[in-house]
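Some notes on the structure that comes next.
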Amino acid sequence: MMKRTFKMSAFALVLGAGAVFSAPAALAQSSPVMCPGYEKAKTTLVGERTGKKVQKAFEFYNEDQVDEALNILYDIDPSEDFDAAYVNRFIGNLLAAQEGKGSKALGYLTKSVEPKVLNDLEHAQTLKLLGDLNMQENKYTDAIKWYKAWMDFTCKEDADVYTRLAQAYYEAGQLDKMIEPADRAIALYDEPNKNPYVLKLTSYYERKMFPQTVAVAEELVRYFPEEPRWWTQLGFFYLSVEDFKKGLSTFEMAYIQGYLKKENEIKTLSQLFQTNDMPYKAAQILEKHVKSGLLEDDADMLASIANAYHQAKNYDRAAKLYAQAAAKSSDPEHYRKQGTLLLVSEDYKGAIKALNNALERGVDSPEKVHFTLMEANFYAGDFRAAYKHVQEAKKDRSLRRNAAAWEPYIKEKAKNRGINI
């Protein structure tokens, strides 16, 4: 359904999920909200020797001299675990903000949290950053691990993190695990956010769980009615569960609001009108958009419109459209359908001409066309021609009995008119 890359996947575009990385924070930081019963750890500061170099690096950073800041940090060889973790975190943050340095940044950031010696806020921020950065680097299983580590450490529930976690499960191919974090995100957002709904919908759709897909699509339309694509997607999902009435009502409402812009959407709306026994509306909608230029004015489209008018029992209009289709395609089947409809409309001369065109162009099952020509000629009063065509129609085993029944009737009518056949 979509390419599984974090930066360019369809869902990354929907979510706007490219990670944004902040610069290292000041040395003194407040504690995050932690798990119930957690005792706040004593704030640790870097040692004096390391602190001087860190401060110098921070000054270079503030002057946008990132390479100079990194060179100072690379040169530090801390002896204390906290100092080493802090420097690794500082380096990792700077590298994470640079194009193409994500993988290198991950190494430093991972080393900064593994000893679990950073101050609480620094540790929490780095865990979340590791999740985001692993997503950017397409390391989705690792992203899941770090997002969960952030949740376990902080005991916080964050709608955005749950949304990213659901996306990470998608990218990792663990579609069944997407639903729980998506549901938690939906519950936590203050205002409805489309992103967890989209992820949830994709999970169900790709697992072919169509009733559940429909339910999520209905929620998207309910909460985001101004977005055209949710209407059309819901309409198509109704078709997947064969709910053609709801499919039609959804597409028709989308059409009224001006949301149907694509050729396949208009064709689908027309098909739904036909499926729901409204062929005249089906024909009209196609004709309108052929005239507008959205639909191709070709033989196939003209034949589709003709078929809809035929179903609507508008035989004259259907016959004219089949004639136009035949003029473009020279397809014997179009001529045959035109001739059959002209016969129904009692235009016998027109029917005879169209049906002869079908025969001349090699129509399939010519005996059936001969049978129709027999009727057209009979009602036009040409009994000799009718008799000739009934002989050809008798060559088809499925028509033989009906044709044989017509034969004496034709002879009798001809005799009554003094015509010798």
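Computed from the coordinates by the stated procedures, all read-outs in this text should not be read as laboratory data. These figures come from a predicted structure and were not determined experimentally. Ideal geometry is used to build each Cβ from the backbone, glycine not excepted, and the neighbour counts take in all protein chains shown.
Could you tell me whether Lys313 is free of Cβ contacts under 8 Å to residues at least 12 places away in the same chain and either among the aromatic types (Phe, Trp, Tyr) or closer than 30 Å to Val290 by Cβ (or both)?
Numbers: free of Cβ contacts under 8 Å to residues at least 12 places away in the same chain: yes; either among the aromatic types (Phe, Trp, Tyr) or closer than 30 Å to Val290 by Cβ (or both): yes.
Against the criterion (free of Cβ contacts under 8 Å to residues at least 12 places away in the same chain and either among the aromatic types (Phe, Trp, Tyr) or closer than 30 Å to Val290 by Cβ (or both)), Lys313 qualifies.
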Item to complete: Please work out if Pro211 is in a loop (DSSP other than H, G, I, E, B) and either more than 30 Å from Leu118 (Cβ to Cβ) or of a type in the set (Gly, Ala, Ser) (or both).
Response: no
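State all residues of segment 381-406 that are of a type outside the set (D, E, K, R) and either within 16 Å of Ile421 (Cα to Cα) or part of a loop (DSSP other than H, G, I, E, B) (or both); if no residue qualifies, say none.
Within segment 381-406, Gly381, Phe383, Ala385, Ala386, Tyr387, His389, Val390, Gln391, Ser398, Leu399, Ala404, Trp406 meet the criteria.
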Worksheet item: With Leu272, Leu295 as the choices, which residue is assigned to a loop (DSSP other than H, G, I, E, B) and under 27 Å from Ser249 (Cβ atoms)?
Response: Leu295
Item to complete: Keeping to segment 362-372, report how many residues are out of contact with any Gly (no Cβ under 8 Å at 6 or more places or on another chain) and part of a helix (DSSP H, G or I).
Response: 5
Worksheet, complete the sentence: With the first residue restricted to segment 276-293 and required to be of a type in the set (Ser, Thr, Tyr), and the second required to be surrounded by 17 or more Cβ atoms within 10 Å (Cβ to Cβ), Cβ contacts under 6 Å at 6 or more apart or on different chains are Tyr280/Ala312
Worksheet entry | Pick from segment 70-86, criterion in contact (Cβ under 8 Å) with a residue 24 or more places away in the chain and acidic (Asp, Glu), ranking: nearest to Val117 (Cα to Cα) | Asp81
Item to complete: Take Glu375 and decide whether it is within 19 Å of Val344 (Cβ to Cβ) and either among the hydrophobic types (A, V, I, L, M, F, W, C) or within 54 Å of the chain's Cα centre (by Cα) (or both).
Response: yes
Worksheet item: Can you tell me how many residues in segment 66-102 are polar (S, T, N, Q), part of a helix (DSSP H, G or I) and loosely packed, with under 14 Cβ neighbours inside 10 Å?
Response: 1
Worksheet item: Give me the pairs: first residue in segment 373-399 and more than 13 Å from Leu355 (Cα to Cα), second residue of a type in the set (Lys, Arg) and part of a loop (DSSP other than H, G, I, E, B), beta-carbon distance under 9 Å, and six or more apart or on different chains, which are they?
Response: Gly381/Arg417; Phe383/Arg417
Worksheet item: Filter segment 103-120 for residues that are farther than 19 Å from Phe60 by Cβ and either aliphatic (A, V, I, L, M) or touching a Cys at 6+ places or on another chain (Cβ under 8 Å) (or both); which is surrounded by the fewest Cβ atoms within 10 Å (Cβ to Cβ)?
Response: Val117
